[in-house]
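The values are calculated or read from the model by the stated rules, or taken from the named source; none is laboratory data. No experiment lies behind these values; they were computed from the predicted model shown. Cβ coordinates were reconstructed from backbone atoms using ideal geometry, including for glycine residues, and neighbour counts include every protein chain displayed.
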Amino acid sequence: MLIDDEAPWLQVMTTALQGESFNVITASSGEAALRQMRRKKPDLILSDVRMPDMNGFDLFEKVRSDVTLKGVPFVFMSFLDDFDARKVAKELGADDYVAKPFDTREAKTIVLNLLKRLHEKK
């Protein structure tokens, strides 16, 4: 699941990940993402940090406090110069962090590695 309030970023990542045969679900806000996640649990969450209605950190806390979603790998996305976001993401215990503008190969590698680890645990 990709979550970002800016459509161009969703499109770039969706295109990159669909090239790997992923079923990509998108949401343009934290609230919309939570509604979708409660209907169908995602294998991985890739969320922007800075969003207007609910920032990525608040979304992360809600996901981690939900019994059915708490084990889903969570990756934050934010701009390269957003050092505070990277620090907070690490402190919260995020699985990884992708800097915007992103190298799609790096982002795909992060996603693939997290999904591989997830499926090895099963």
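Of note:
- Entry remark, the range 85-98: residues being modelled with pLDDT under 85 and touching a Lys or Arg at 6+ places or on another chain (Cβ under 8 Å) number 1 in total.
- Some residue of the range 60-68 being surrounded by 19 or more Cβ atoms within 10 Å (Cβ to Cβ), within 22 Å of LEU17 (Cβ to Cβ) and modelled with pLDDT of 85 or more: yes
- Flag for VAL49 being in contact with a helix residue (DSSP H, G or I) (Cβ under 6 Å, 6 or more places away or on another chain) and at pLDDT 90 or above: yes
- Exclusive hit being surrounded by 20 or more Cβ atoms within 10 Å (Cβ to Cβ) and in contact with a Pro (Cβ under 9 Å, 6 or more places away or on another chain), set ILE25, ILE45: ILE45
- Lone qualifier among VAL67, VAL75, VAL12 - being within 15 Å of MET1 (Cβ to Cβ) and either in contact (Cβ under 8 Å) with a residue 12 or more places away in the chain or among the hydrophobic types (A, V, I, L, M, F, W, C) (or both): VAL75
- Here the condition is being modelled with pLDDT of 90 or more, over 22 Å from THR109 (Cβ atoms) and not hydroxyl-bearing (Ser, Thr, Tyr); of GLY56, GLY30, it holds for GLY30 alone.
- Among residues of the range 27-49 that are under 17 Å from MET13 (Cβ atoms), those with a Cβ under 7 angstrom from a residue that is polar (S, T, N, Q) and part of a helix (DSSP H, G or I), sequence gap 6+ or separate chain, pair up as ALA27/GLN36.
- Pairing each residue of the range 93-108 that is β-branched (Val, Ile, Thr) with any residue that is at pLDDT below 80 and in a loop (DSSP other than H, G, I, E, B), provided the two are 6+ apart or on different chains, yields C-beta distances under 9 Å for THR104/GLY19.
- Considering residues of the range 1-37 that are of a type in the set (D, E, K, R) and touching a Ser or Thr at 6+ places or on another chain (Cβ under 8 Å) only, the residue farthest from LYS100 (Cα to Cα): ASP5
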